Structure formats: structure tokens, C-alpha cells
Amino acid sequence: MSNSSPRHFLTLLDLNPSELNWIIQRAIELKKIRTLKTPYEPFRNLVLGMIFEKSSTRTRVSFEAGMAQLGGQAIFLSSNDTQLGRGEPITDSARVISSMVDIVMIRTFSHTQVEEFAAHSRVPVINALTDDYHPCQLLADVQTFVEHRGSIKGKTVTWIGDGNNMCHSFINAARQFDFKLNIACPDGYLPNAQLMAINANRVQLIQDPKQAVIGSHLVVTDTWASMGQEDEKKARSASFENYQVNPALMNLADPEALFMHCLPAYRGLEISHDMFNDPRSVVFDEAENRLHAQKALMEFLLLEPKV
């Protein structure tokens, strides 16, 4: 890997569509390699630094397990265990940590923190979630759709719920993977207006969920109150009351439509109990694919294949 100018993955826009599609196909191949238990360890002697300021289940397990399966090692760093949590400038931490590891993933609150870290890092940096974007989840989501239904190009996706980091990443995904996106959010919880305007040719706001899902090939939602918003839960539940995804709503979508949720899911709130286990729900395939998609992403960033 070249040390002069590492590639980073802070949003889906950091890679071009060909590179993103390579990662999706490579993730499917790596999934087969794991299923066949074929030894494949290109990351021997490589180390992933994992910086967590937000807690996680799927992100930590998928990155840590993925690095181990590819022959490398991962170091878990929480803000409680490092100088990051004691006020050390992010630039200093970036210079030090990136001098000792081969690749870094960061899960934090402020997106500018990840950008600042990447700007001073000598190794690739992966955004494993910020308040603004969650691009790694989108790789897993697109992989899951491709596995079940083929290419997502030209399809219609509907996002229902909060105009949050996942919604923002779906807007970027619509641009990069060339699909149409309907967004159903209540007033007060709309996605970034500038991001919507930039992608107005393929993204539209349809605030009524019943109208938004008509003809959709994929319906996606997320928790109504993300980490750090627990004190808003009651108010949010009232605002989102009519935005629950349930079988009746899914019945208005395309007959072959899939349902996704990045988890954790709160049954009875953003998703009904019966929708979670509905045959159209692929949430556990989607969750597993975080492992495979991120392995493919790290391969791309570390091994620099010709795409």
C-alpha cells in the first residue's frame, strides 16, 4: 500500500460507482470463500485500529471478525481507554495511531472529527458511523439486495422514518448505484436540504408513507431515536406514529419488495412485531453482510486492486 496518499471511505462519494460495484461483487465472493471455509489470509501482519466513541454490536463484531478471518488483527480503542477521551487533539491522535497501524475505522458522533482524522492519517480511514453518514451499512444493504433480487440500478427504494445518517447515506447511494429514492419523513425530521437539492433528479420527498412505498422494490427504516437521542424518545414516538413499517404498508409496495432495517430494531415502534419476521424481511442477511462488505472494503483500501 502506498503511504503517500491513502484512499479513505468517509462517505459513498469517496469511491466511484465502478469501485463500489467491485466491492459489492467482491463481498459476495468473500462470503462464498467463508462458507466453503477456504483459507484466505491476505492481511497477515496487518493491524486495524478500531476507534469507538459510540457503542456498537454489529460494527465491532463485523470489523474485528473480518480482520481476523483475513489473517490480520484488530485493536479496540474506546474513548474511555485513550487520550482521545481526555482532550488530545484529533490531529495528534491521527498522526500517532496511523503510524502504528495499517488501517483505521472510526465510529463517532461528529463527521468533522472523522474528516479531520483522515486528513492527518497516513493510512486509510473508514467511517464506521457518524451523526451524518453510515456508508458501511449501505454496502451491506446493496449487497443484500443484489443477492436476493439482482442489480439495484433503476429500482425504486423508499426510506421511511427519520432523515438521519442512514437516510443521508441512502441519498448518496441513490446517486452512486443509480436508483430512485422516495423519502417519507415527518416535519421536523427531514434530511439535509442541501443533500436533497443536489440529488433532486433521483430523490423525492413523499411525506405520506402509503404513497411513498407504491411500486417500491425495497423499503427501509431505522430506529426513531438514535444513540444520543434517548431523551427525545417520547416526542419522537408521537411524531413518527404513522411511520411504522408493517405488512399492510409493505403490501402497497412491489410484490417482490424487500424490507431492511440496520438494527437494533424496536418492535412495536418503527417496525411491527409481525413485519420483523415477515418473509419479505431480510434483516439478518443484511446484518451478516456487514462482515463480508467490510472485508471487501478493507481489501480495496489495503490491497488496491485494479478495478
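Nothing in this text is a laboratory measurement; each read-out follows from the coordinates by a stated rule. Bear in mind that the values here come from a model prediction, so they are computed numbers and not experimental data. When we count neighbours, we look across all protein chains shown, and the Cβ atoms used for this are built from the backbone with ideal geometry, even at glycine.
Farthest towards the positive end of the charge dipole of the range 137-286, among the residues Thr144, Gln204, Asn165, is the Cα of Gln204, using unit charges on the Cβ of Lys, Arg, Asp and Glu.
Counting only DSSP beta bridges whose two residues both lie in the chain, roughly 0 percent are antiparallel. Estimated from the Cβ-Cβ distance and a Förster radius of 35 angstrom, the FRET efficiency linking Tyr189 and Thr35 is about 0.30.
In the chain, the longest principal axis of the Cα atoms and the axis of helix 58-69 are about 40 degrees apart.
With charges set only on the Cβ (+1 for Lys and Arg, -1 for Asp and Glu), what does the dipole of the chain come to about its Cα centre, in debye to the nearest 20? Computed about the Cα centre, the dipole is about 720 debye. When every Cα-Cα distance of the range 137-286 is counted in 10 angstrom steps from zero, the calculated P(r) takes the values 12, 46, 36, 6, 0 percent. Compared with the dominant Cα axis of the chain, that is its longest principal axis, helix 165-177 is turned about 90°. Our summary gives the chain a relative contact order of 21 percent, counting only alpha carbon pairs under 8 angstrom and 6 or more residues apart.
Per-residue 3J(HN,Hα) values for the range 219-225, derived from phi via the Karplus relation 6.51 cos²θ - 1.76 cosθ + 1.60 with θ = phi - 60°, read 10, 10, 9, 8, 4, 6, 10 Hz in sequence order (x marks Gly and Pro). Rg then Dmax, both in Å and based on the Cα atoms of the range 1-48: 13.6, 37. Judged by the ratio a/c of the largest to the smallest principal axis of the C-alpha gyration tensor, the range 214-267 counts as prolate, that ratio being 1.5 or greater while a/b is larger than b/c. Here the extension length gained between Arg7 and Asn199 equals 66.7 nm, from 0.36 nm per residue of separation less the Cα-Cα distance.
From the square roots a ≥ b ≥ c of the eigenvalues of the alpha-carbon gyration tensor of the range 38-120, which class results: rounded (a/c under 1.5), prolate (a/b over b/c), or oblate? Judged from the Cα gyration tensor, the range 38-120 comes out prolate (a/c at least 1.5, a/b above b/c). The long axis of helix 17-35 is offset from the longest Cα principal axis of the chain by roughly 80 degrees.
The protection proxy used here, the mean number of other Cβ atoms lying within 10 Å of each residue, ranks peptides 8-16, 135-143 as follows, highest first: 135-143, 8-16.
Contact order, relative form, for the range 137-286: 24 percent (alpha carbon pairs under 8 Å, 6 or more residues apart, mean separation divided by residue count). Each of Asp254, Asp162 has some number of other Cβ atoms within 10 Å of its Cβ, and from fewest to most they run Asp254, Asp162. Near Asn289: Cβ cut-off under 9 Å, other residues only, Lys/Arg at +1 and Asp/Glu at -1. The net charge is -3.
Helix-only arithmetic for the chain: the sum of -39500 (n - 2.57) across DSSP H runs with n ≥ 4, divided by the residue total, places the mean residue ellipticity at 222 nm at -12000 deg cm²/dmol.
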